[in-house]
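Peer 1: Shown below is the structure under consideration.
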Amino acid sequence: MSWQAIGIFDSGVGGLTVLREITRALPQEDTIYFGDTARVPYGTKSPETVSRYAHEITSFLVRRDIKLLVVACNTVSAVALSGLKRQFSLPVVGVIEPGARRAVEVTRSGRVGVIGTSGTIRSSAYTRAIKRLNPDVEVLTRACPLFVPLAEEGWIDNQVARLTAECYLHELKQAGIDTLVLGCTHYPLLKPLIAEIMGPDVVLVDSAEETARTVAATLADKHLLRPAAEKGNNHYYVSDIPAGFIRVGNRFLGGRLGDVYQVDLEKDREEC
């Protein structure tokens, strides 16, 4: 019997932290990951451009007969998720809603912090999602743009990373938040350092972990889970030469990255 895969996409390597959590939660599932490395970053692009890219990549994954789509990119989740849900007739899971839901569940004081890229913070997507779930929660946000290059460089626990994190997190710590949402798929690599700086009284919400939980629950609900005895395979595609993606991706996945194939989305669409 042939089983359908879970499709996952991001503008680059960050979404691999989401893939890692999904394969941890659902080792029996096949996955197809697409990193749009030729057009990264998305945070500086217009919502119209990001929506167009998202539609192209989703079409590519749907042509590979996926059963569920994971938008493992905060920018796309913020601006294009509702459009994808309208345009494609399969379950679509973003990374913002699961993280927001968890933050509302665990906060005791009603003061929640959110860190993310400048684009994600500017979009107010997490604030809106949290307020929809509980209007009484106070949301404090902070853009931490240098966390992305630090994570990709593997500088996750040296003096540079520590000083940067202390600078970014100082105001949130002073504000007395009790919950902090890691609103970027790169940030789980810095989780131990962030936890140390924020202290034991602050619960860290990892959007990648929460997204994996949502994926598992959605597949179970729709009776689309593969039997637990199966062993899943991971397939990787990128839109630019794979070398850089492989180098950084191995760091994000702990050295488990398999073959990575470069594809031309335009050509792929014409061939199908």
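The values are calculated or read from the model by the stated rules, or taken from the named source; none is laboratory data. All values derive from a computational prediction rather than experimental measurement. Ideal geometry is used to build each Cβ from the backbone, glycine not excepted, and the neighbour counts take in all protein chains shown. Just so you know, the surface numbers come from the protein's heavy atoms only, side chains and all, with ligands and any DNA or RNA stripped out. Shrake-Rupley method; radii C 1.70, N 1.55, O 1.52, S 1.80 Å.
Peer 1: Between L133 and D201, what FRET efficiency comes out of the Förster formula 1/(1 + (r/R0)^6) with R0 = 25 Å and r the beta carbon distance, rounded to 0.05?
Peer 2: For R0 = 25 Å, the calculated efficiency reads 0.65.
Peer 1: So with the 1.4 Å probe, I'd like the accessible area per residue for region 91-131, rounded to whole Å².
Peer 2: Solvent-accessible surface per residue comes out at 36 Å².
Peer 1: Related question: Within region 152-260, list the trypsin sites (Lys or Arg not before Pro) lying in a DSSP loop whose Cβ has at most 15 other Cβ atoms in a 10 Å radius.
Peer 2: Counting only loop positions with at most 15 other Cβ atoms within 10 Å, the trypsin sites (Lys or Arg not before Pro) in region 152-260 are K222, K231, R256.
Peer 1: Run a plain Debye calculation on region 139-269 (Cα atoms as equal point scatterers, no solvent) and give log10 I(q)/I(0) at q = 0.12, 0.17 Å⁻¹, rounded to two decimals, same order as the q list.
Peer 2: -0.66, -1.05
Peer 1: Same structure again: What does the extension gain come out to for Q159 and Q4, with contour length at 0.36 nm per residue minus their alpha carbon separation?
Peer 2: Length gained between Q159 and Q4: 51.3 nm.
Peer 1: Let me ask something else about it. Using a 1.4 Å probe, what is the accessible area per residue for region 143-272, in Å²?
Peer 2: 52 Å²
Peer 1: Over all distinct Cα pairs, what is the inverse of the mean 1/r for region 45-98, reported as the Kirkwood hydrodynamic radius in Å?
Peer 2: Value: 11.1 Å, from the Cα pair sum.
Peer 1: Another one. Going toward the positive end of the dipole of the chain, with +1 on Lys and Arg Cβ and -1 on Asp and Glu Cβ, which of Y237, S124, I8 do you reach last?
Peer 2: So the residue furthest toward the plus end is S124.
Peer 1: Report the gain in length on full extension from F88 to V263: 0.36 nm times residue separation, minus Cα-Cα distance, nm rounded to one decimal.
Peer 2: 60.8 nm
Peer 1: Under a point-charge model restricted to the Cβ atoms of Lys and Arg (+1) and Asp and Glu (-1), what is the dipole moment magnitude of the chain relative to its Cα centre, in debye to the nearest 20?
Peer 2: 440 debye
Peer 1: Among residues other than K191 whose Cβ falls under 13 Å from its Cβ, what is the net charge (Lys/Arg +1, Asp/Glu -1)?
Peer 2: -4
Peer 1: From the list (1) 29.7, 92; (2) 18.0, 56; (3) 25.6, 92, can you say which value of Rg and Dmax of the Cα atoms in Å was derived from the structure given?
Peer 2: Checking each listed value against the structure points to (2).
Peer 1: Just the number, please: carbon plus sulfur as a percent of the accessible area of the chain, 1.4 Å probe, no ligands or DNA/RNA counted.
Peer 2: 50 percent
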